[in-house]
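Okay, so here's the structure we're looking at.
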Amino acid sequence: MEKTKYMNPFRLAAVGDLHCSETSAGSYRYTFEDLNLRADALALCGDLTSRGKMSEIEVVLENLAEVRIPVVAVLGNHDYHEQNNHRFHDHLESAGVTVLDGDSMMLTIDNRTVGFAGAKGFAGGFGRRALPDFGEEIWRAFYRETLSEADKLRRALVSLETDLKIAVLHYAPILSTLTGEDPQIYAFMGSSELAKAIDDGAADLALHSHAHFGQETGSTPGGVPVYNVSEPLIGRSYAIFELEFPR
């Protein structure tokens, strides 16, 4: 569904890893209220909840209660923990949040268009150290899940015919925004297959979270800017990005 606002440049707020629990009711509500004046849209990059409980997604919705700008979201691994991901999707959508899982969404800003493509992403590692399609079936299934998530993102980006394209993920698409995490868990934090999808889909910006102790900025091999917007890393309720429309 197309939604319309009028402002230039496009101002995007983004954050992930809120990890809302029953004890964090109202934690973000009034800082999120400020977004109505500061940004044109909000992107939530997964791990909205702490343990994937239905009571926790209600806390997320309470924190979003004052937000009047469009909100797009992907789920994270914590949101899948109790297998409530489909119910989360329905609850968020019923509250006006567009949940992306291989899907896309378009906004119109003063006759220019902004497209969002999103997927949770998955693990698998990076470059030469990425998990191969080899060995026991359980490892090969892991590999196929990585490729499946990357392909969902790629298809969603390619489907967009917009002036700007923004990729929204939970897992990391590049290694540089993970630097600071224990190297032993890099392979479980993201996959370079996601970066290939971002480049193939000609995104203008990619956002992710998941890495609490990583770095905020990096870029794909194709030069697409990548930002880690994990709340524990950025140390604030959201980051703001200003994107100029192509001339």
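Things to note:
- Region 10-24, residues that are of a type outside the set (Phe, Trp, Tyr) and surrounded by 15 or more Cβ atoms within 10 Å (Cβ to Cβ): 11, 12, 13, 14, 15, 16, 17, 18, 19, 20, 21, 24
- Count of region 226-242 residues which are under 15 Å from residue 177 (Cβ atoms) and of a type in the set (Phe, Trp, Tyr): 2
- Residue ID - nearest to the chain's Cα centre (by Cα), chosen from residues in region 44-84 that are surrounded by fewer than 19 Cβ atoms within 10 Å (Cβ to Cβ) and assigned to a helix (DSSP H, G or I): 77
- Hits in region 115-160 - residues which are without any contact (Cβ under 8 Å) to a residue 40 or more places away in the chain and either assigned to a loop (DSSP other than H, G, I, E, B) or touching a Gly at 6+ places or on another chain (Cβ under 6 Å) (or both): 132, 133, 134, 135, 136
- Within region 161-185, tally of residues that are part of a helix (DSSP H, G or I) and surrounded by 14 or more Cβ atoms within 10 Å (Cβ to Cβ): 3
- Filter result for the condition that a residue is acidic (Asp, Glu) and closer than 25 Å to residue 24 by Cα, over 231, 181: 231
- Given (1) in contact with a strand residue (DSSP E or B) (Cβ under 8 Å, 6 or more places away or on another chain); (2) touching a residue at least 24 places away in the same chain (Cβ under 8 Å), index of the condition residue 225 fails: (2)
- Between 73, 65, the distinction of being closer than 16 Å to residue 32 by Cβ and at pLDDT 95 or above belongs to 73 only.
- The residues of region 159-193 that are farther than 21 Å from residue 12 by Cα and in contact with an Asp or Glu (Cβ under 7 Å, 6 or more places away or on another chain) amount to a single one, 189.
- Residue within region 60-83 that is touching a strand residue (DSSP E or B) at 6+ places or on another chain (Cβ under 9 Å) and at positive phi present: no
The values are calculated or read from the model by the stated rules, or taken from the named source; none is laboratory data. From a predicted model like this one, the values you see are computed outputs, not experimental measurements. Note that we place each Cβ from the backbone using ideal geometry, even for glycine, and neighbour counts take in every protein chain shown.
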